[in-house]
Each structure stands twice: as C-alpha cells, then as structure tokens.
Amino acid sequence: MQLKNPALLRRQCPVAGEWIDADSGETIAVTNPATGETIATVPRMGAAETRRAIDAAKAEMRGWQRRTAKERAAVLRRWYELLLANQDDLAAILTSEQGKPLAEARGEIAYGASYIEWFAEEAKRVYGDTIPAHGTDKRIVVIRQPIGVTAAITPWNFPNAMIARKAGPALAAGCAMIVKPASQTPLSALALAALAFDAGLPPALFSVVTGAASEIGSELTGNPTVAKLSFTGSTETGKALLAQCAATVKKTSMELGGNAPFIVFDDADLDAAVDGAIASKYRNTGQTCVCANRFYIQTGVYDAFADKLAIAVAKLKVGNGVEPGINQGPLIDEKAVRKVENHIADALANGGELVLGGRRHELGHGFFEPTIVKHANARMKVAREETFGPLAALFCFETEDELIALANDTEFGLASYFYSRDIGRVWRVAEALEYGMVGINTGLISSEVAPFGGVKQSGIGREGSKYGIDDYLELKYLCIGGIDG
Ligand SMILES: NC(=O)C1=CN([C@@H]2O[C@H](COP(=O)(O)OP(=O)(O)OC[C@H]3O[C@@H](n4cnc5c(N)ncnc54)[C@H](OP(=O)(O)O)[C@@H]3O)[C@@H](O)[C@H]2O)C=CC1
Ligand SMILES: O=C(O)[C@H](O)CS(=O)(=O)O
C-alpha cells in the first residue's frame with residue numbers, strides 16, 4: 001500500500017491520550033480480504049486498557065466542555081478538512097482492510113467527513129427553551145447539556161463513516177468517546193484518530209481500543225462512567241449489548257440489521273428502477289444494512305424488469321478494489337461467502353430460478369459472482385434473513401394491498417425503496433411502509449443531512465440531520481422561584 005502520509009498506518013492504539021501497545025503485548029493481524037495478505041497488526045487490548053480510556057475521557061471532558069461551542073466547532077471543522085486532504089490515503093487503507101473498490105472507499109471517506117462537517121455546524125446550535133411558568137414567582141428554563149462519556153462499537157462494512165457518524169455529534173455536543181472498531185477493519189479507525197489529534201482534538205477525549213470484543217464490550221457497557229453506547233452492527237449483537245447496558249441504564253443508539261424491500265410498480269420508470277436496484281443492492285458488494293434484500297416486482301413488469309436488471313448486473317466487474325474499473329470487491333470473509341451460498345442454495349431448492357451468477361468467483365478468496373434469482377417466494381431464507389451479499393431475489397405481486405403486507409412481513413424496519421410515478425400511490429405506500437427510511441424513485445438515501453435509522457428490530461435513535469445531536473444531549477429543567485421579591 002503506497003501512502004503519501006505513511007504515519008496514517010498505525011499499529012498502536014490511542015488510549016487515554018497515548019499511542020500504546022496492548023498491556024499483554026498481544027496483537028491481532030489485519031488481513032486484506034482480496035488477497036489474504038496480512039497488512040499490519042494492531043494491539044489485542046481488553047478491559048484494563050478500556051477502563052483507563054474511560055477514566056481519562058472523563059477527566060479530559062471537563063476542559064472540552066469549558067470551551068465555547070465555536071471553539072469545539074473549529075476543531076471539528078479542521079478535522080473535516082484533514083480528512084478530505086488525506087482522502088486518497090484513507091481510502092487506500094480502507095480498501096486494503098475492507099475490500100471495497102477505491103472509488104467507493106473514497107466516497108465513504110467523503111461521506112464520513114460530511115458528518116464531521118455537519119456536526120461542527122450543529123455544535124453551535126444546541127439551543128434551549130424558556131417556558132411560561134406555572135406561577136408568577138417562577139421562571140422555567142430548559143438547557144441541553146452533553147450526556148457525558150460515550151462509547152461506540154462499530155462494524156467492518158463502513159470502517160470510517162460509522163465512526164465519524166457517532167464521533168461527530170458526540171464531540172460536537174461536548175462529550176468524550178471511546179471507540180471499539182471491528183477487528184477486521186481497525187486501521188481506518190486509527191487513521192481517523194490520528195487526524196483528529198492533528199486537528200487539535202485533545203487525545204484523551206477520543207480513544208480507540210482494538211481487541212477482544214466481549215471483554216472491551218463488557219467494560220464499555222458495564223462501567224457506570226459511560227453514559228451512552230452507540231452501536232452499528234447485527235441485530236443479534238445489538239440485543240446482547242442492549243441487555244448489558246441495562247444494569248447501568250445507559251442511553252443507547254442502535255443501528256442494526258435490515259431486510260429492505262425494493263418495490264417496482266407497473267407504472268415505474270423501469271430504467272430508473274434498474275439503476276436504483278444496482279446502487280442499492282450491489283453497493284459494497286451487497287454488504288450494507290440498507291441494501292435491497294427482497295425485490296418485489298408487480299406482475300405486469302416482472303419479466304421486463306428481470307431482463308433489464310440481468311443486462312445491468314452482467315456489466316458489473318468483480319476484482320481487487322485497487323484495480324481500475326472494478327465495482328465489486330470481495331466479501332469480508334469466508335463466513336460471509338458461506339451465507340450467500342446458503343441463501344442461493346436455499347432459494348433454488350424452494351422453486352427459485354438462477355438467472356445470473358450463483359457461485360464463488362474464479363478469483364477465489366471472498367470474491368463472488370453477482371447473482372439474480374427469479375420466482376423468489378416467502379418460503380425462502382432470503383425472504384426472512386439479511387443476505388449481506390450480491391444476491392438479488394425477485395418476488396412478484398399483484399396488488400398494492402398484497403405488496404404492503406409482504407413488504408412489512410419482517411421484524412426489521414430500516415430502509416425500504418419503491419418506484420412509482422403515481423402521486424397518490426407514492427403517498428399511500430410511503431405512509432404504509434413500516435420502515436425508518438423510504439427511498440422513492442431512488443436507491444440511494446444515505447446523507448448527513450437526513451435522519452438515518454430504523455424501527456422495529458432495526459434499531460433505536462437517528463444518526464445525522466438536525467436530530468442526530470439529540471442522542472448526545474440531556475435536557476435539564478431549571479425551575480427558578482422567588483422571582484416576586
Ligand atoms: N447494520 C449494519 O450496518 C451491519 C450489519 N451487520 C450484520 O451482522 C452480520 C454479522 O456481521 P458481524 O461483523 O459479525 O457483526 P457484529 O454485529 O457481530 O459486529 C459488529 C461490531 O460489534 C462487535 N461485537 C461483536 N460481538 C460483540 C460483543 N459480544 N461485545 C462487544 N462487541 C461485539 C464486533 O467486534 P469484532 O469485530 O471484534 O467481533 C464489531 O465491532 C452481518 O452478516 C450483517 O447481517 C454487520 C455489520 C454492519
Ligand atoms: O451500516 C451501514 O451499512 C451504513 O449505514 C450504510 S450507509 O449509511 O453507508 O448507507
């Protein structure tokens with residue numbers, strides 16, 4: 001990996017203001033999913049290092065909160081500028097450890113940086129209220145204060161943006177944060193921290209602890225000094241972390257799994273729907289929580305849509321993300337490949353028809369052929385489980401009412417998408433879908449300006465937008481008496 005700024009490739013963690021090795025000296029290897037090569041090692045830390053990070057964060061936070069909002073905003077703004085100035089290096093590090101094509105990695109760096117930019121601005125708009133009092137001798141004021149020391153546990157699929165989406169509002173609000181990144185993709189987190197400190201962020205305010213997930217997680221969820229946990233990852237792990245937070249009644253934000261329906265009505269612009277399907281299904285090789293997981297196509301356009309989609313999917317290029325023209329990188333690991341194989345085998349065993357792909361790519365490692373299966377039905381695993389890979393399963397439906405029932409028949413409720421040009425249908429379906437986010441005539445909905453999050457078992461809270469900082473603030477009600485004199 002050729003970096004303009006080699007200092008961004010870190011092998012130690014910033015803990016309590018110092019770059020250190022694990023107390024044990026143990027390390028974890030970070031491998032490239034496209035080649036299997038070891039890129040670097042990072043410390044295998046545990047509870048002791050995590051505890052030191054929490055204690056130092058609490059001490060440092062007081063000084064950070066004594067700064068004005070504008071002073072905090074200036075540091076975040078500088079961090080944003082440094083992220084963009086180092087976009088190529090950060091993307092190269094990200095692609096090497098996660099596998100996504102460089103163009104997508106560069107996009108993720110810009111996306112992550114946009115959250116830092118956004119919350120640098122929001123830092124200056126943490127307003128309160130005055131309320132008409134319940135007595136002439138009283139005045140009521142509501143102020144909003146930083147929640148305190150916060151923790152983040154983040155996934156491998158967006159190893160930069162998922163941290164930025166949490167650290168941005170936390171630091172803007174005046175909080176401190178300890179991050180446990182995914183063990184498969186820790187290098188992006190370490191580079192992010194290095195640039196934060198170059199921007200002037202006090203190092204003890206933002207620790208990154210790599211290593212034993214359950215040990216670090218137990219400390220982050222059990223330590224009473226930690227006021228809040230923000231998690232992005234599987235619903236299964238999210239539920240376990242929620243349970244662990246209960247003992248100290250921690251506030252939580254949860255961005256969990258999804259099972260997004262992608263719906264095409266017979267009045268849709270089919271070419272636009274195919275473009276949206278490619279963007280939603282095959283971004284990050286299908287490894288995003290908002291990827292289309294079930295395609296519901298109205299019967300009148302089923303074959304036409306399937307044919308157009310097959311032509312577009314056949315043009316996708318599978319390969320190492322550092323090579324020009326590649327738009328499908330490898331899946332993150334063997335477990336991910338097996339899950340996609342399992343979903344395809346199950347679909348074909350339950351009446352599905354393979355249109356394209358269907359097997360591991362000849363390049364080996366985590367590479368997989370982009371796949372389409374027709375005649376999908378509710379008996380299949382893909383109807384109920386998040387594939388998290390490049391499989392498009394095409395279901396059909398007759399009526400709008402039938403479609404709403406099918407689309408909502410899941411415990412998940414993160415993203416959903418539909419294509420229609422009938423304004424009445426657009427409103428009826430948008431209001432009927434039980435999801436936190438609805439893409440209408442588009443397959444790309446993620447932006448720092450909008451509230452990202454889900455309902456049902458897809459999560460709690462929202463990230464980004466004017467709502468995103470609320471999760472890092474507490475309301476305090478001041479009742480001032482004796483005013484009458
Ligand atoms: N909503 C989303 O954006 C994502 C959804 N997923 C879904 O989850 C599935 C499994 O992916 P996977 O990577 O295993 O996701 P996980 O949810 O297991 O991992 C996400 C993060 O949680 C950490 N973690 C896991 N178990 C614990 C624990 N007991 N205590 C503390 N931290 C823990 C992981 O650490 P470590 O890496 O060290 O194990 C990682 O940092 C995917 O196939 C996909 O369906 C996955 C990623 C993102
Ligand atoms: O967790 C994810 O998959 C991301 O939130 C998806 S997005 O924000 O990049 O769309």
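No value in this document is a laboratory result; all are computed from the given coordinates. Since we're looking at a predicted model, the values are computed, not measured. Don't worry about glycine lacking a Cβ; one is built from the backbone with ideal geometry, like all the others, and counts go over all protein chains shown.
Would you kindly calculate the translational diffusion coefficient of the stretch 318-416, applying Stokes-Einstein with the Kirkwood radius from alpha carbon pairs, for 37 °C and a viscosity of 0.692 mPa s, and quote it in µm² s⁻¹ without decimals? Write out the running numbers ahead of the final one.
Working: Rh = 14.6 Å.
Rounded, D is 225 µm²/s.
Rounded to the nearest 0.05, what FRET efficiency do residue 240 and residue 138 give with R0 = 35 Å and r taken as the Cβ-Cβ distance? Could you check?
Numbers: r = 45 Å, r/R0 = 1.30.
Approximately 0.15, to the nearest 0.05.
Within the stretch 45-80, list the residues whose amide N lies under 19 Å from a label point set 7 Å along Cα→Cβ of residue 476.
Hits in the stretch 45-80 for residue 476 at 19 Å: 58-70, 72.
So what is the relative contact order for the stretch 312-464, in percent, with contacts set as C-alpha pairs under 8 Å and at least six apart? Please list the in-between numbers first.
On the way: 249 pairs, mean separation 23.4, N = 153.
Dividing the mean separation by the residue count of the stretch 312-464 yields 15 percent.
Could you give the C-alpha radius of gyration of the stretch 28-82 expressed as a fraction of 2.2 N^0.38 Å, taking N as the number of residues it contains?
1.76
So between residue 249 and residue 59, what do we pick up on full extension, going 0.36 nm a residue minus the alpha carbon distance? Show your work: numbers first, answer last.
Working: separation 190, 0.36 × 190 = 68.40 nm, distance 2.18 nm.
Full-extension gain reported as 66.2 nm.
Per residue, how big is the convex hull around the C-alpha atoms of the stretch 188-230? Give it to me in cubic angstrom, could you? Please report the intermediate quantities before stating the final value.
Details: hull volume 3.8 nm³, N = 43.
Cα convex hull per residue, to the nearest whole number: 88 Å³.
Do the sum for the chain: with -39,500 (n - 2.57) for every DSSP H run of n ≥ 4, divided by all residues, what is the mean residue ellipticity at 222 nm, to the nearest 500 deg cm²/dmol? Show your work: numbers first, answer last.
Numbers: 13 runs with 178 residues, N = 485.
The per-residue figure over the chain is -12000 deg cm²/dmol.
Using the basic label-point model (7 angstrom from Cα toward the beta carbon), what is the residue 314 to residue 401 distance in nanometres?
Going by the 7 Å Cα→Cβ label model, 4.0 nm.
At q = 0.15, 0.26 Å⁻¹, what log₁₀ I(q)/I(0) does the stretch 80-119 have when each alpha carbon counts as one equal point scatterer in the Debye sum?
-0.29, -0.77
Calculate how steeply helix 235-246 sits against the longest principal axis of the alpha-carbon atoms of the chain, using the helix alpha-carbon long axis, and give the answer as 0 to 90 degrees to the nearest 10.
Compared with the principal axis, the helix lies near 20 degrees.
Tell me the label-point distance for the pair residue 346, residue 127, using the 7 Å Cα-to-Cβ offset, in nm and rounded to one decimal.
Going by the 7 Å Cα→Cβ label model, 4.9 nm.
So, R0 is 22 Å and r is the distance between the beta-carbons of residue 334 and residue 362; what FRET efficiency does that work out to, to 0.05?
On the way: r = 17 Å, r/R0 = 0.75.
That gives a FRET efficiency of 0.85.
If I take R0 = 45 Å and measure r between the Cβ atoms of residue 103 and residue 422 in this structure, what FRET efficiency does the formula 1/(1 + (r/R0)^6) give, to the nearest 0.05? Show your work: numbers first, answer last.
Working: r = 35 Å, r/R0 = 0.78.
About 0.80, to the nearest 0.05.
What shape does the chain have by the C-alpha gyration tensor, where a ≥ b ≥ c are the square roots of the eigenvalues, rounded means a/c under 1.5, and otherwise prolate means a/b greater than b/c and oblate the rest?
Oblate is the answer for the chain, as a/c is 1.5 or above yet b/c matches or exceeds a/b.
How are the alpha carbon pair distances in the stretch 11-139 distributed across 5 Å bins from zero to the largest one, expressed in percent?
Reading the bins upward from 0: 2, 9, 11, 11, 15, 16, 14, 8, 4, 3, 2, 2, 1, 0, 0.
For the stretch 330-485, which semi-axes, largest first and in whole Å, follow from the square roots of 5 times the eigenvalues of its Cα gyration tensor? Each step should come with its number before you reach the end.
Details: eigenvalues 323, 97, 38 Å².
Equivalent ellipsoid of the stretch 330-485: 40, 22, 14 Å, largest first.
Based on alpha-carbon centroids, what's the gap between the stretch 260-315 and the stretch 377-454 in Å, whole number please?
11
Residues of the stretch 399-424 with amide nitrogen under 18 Å from the 7 Å Cα-to-Cβ point of residue 431?
Once the point is set 7 Å along Cα→Cβ of residue 431, 400-405, 408, 418, 420-424 turn out to lie under 18 Å by backbone N, inside the stretch 399-424.
Please compute the contact order of the chain in relative form: average sequence separation of alpha-carbon pairs under 8 Å and at least six residues apart, divided by the residue count, as a percent.
18
Hey, what's the per residue convex hull volume over the C-alpha atoms of the stretch 74-209, in cubic angstrom? Display every interim value, and only then the final one.
Numbers: hull volume 15.1 nm³, N = 136.
It comes to 111 Å³ per residue, whole-number rounded.
Step through the table entries 180/228; 100/381; 335/381; 251/476; 70/124, compare each Cα-Cα distance with 18 Å, and write down the pairs that go over it.
Numbers: 180/228 14 Å; 100/381 26 Å; 335/381 16 Å; 251/476 16 Å; 70/124 6 Å.
Too far apart for the 18 Å limit: 100/381.
So for the stretch 1-71, averaging the separation of alpha carbon pairs under 8 Å that are six or more residues apart and normalising by length, what relative contact order in percent results?
Values: 67 pairs, mean separation 20.1, N = 71.
Over the stretch 1-71, the number comes to 28 percent.
Which trypsin sites (Lys or Arg not before Pro) from the stretch 309-357 combine a DSSP loop assignment with at most 15 other Cβ atoms within 10 Å? Before the final figure, lay out each step's value.
Values: sites: 315, 317, 335, 338, 339; in loops: 315, 317.
Passing both the DSSP loop test and the Cβ count: 315, 317.
What do the square roots of 5 times the Cα gyration tensor eigenvalues come to for the stretch 278-363, in whole Å, largest first, as semi-axes of the equivalent ellipsoid? Walk me through the intermediate numbers first.
Values: eigenvalues 100, 58, 31 Å².
With the √(5λ) rule applied to the stretch 278-363, the semi-axes are 22, 17, 13 Å.
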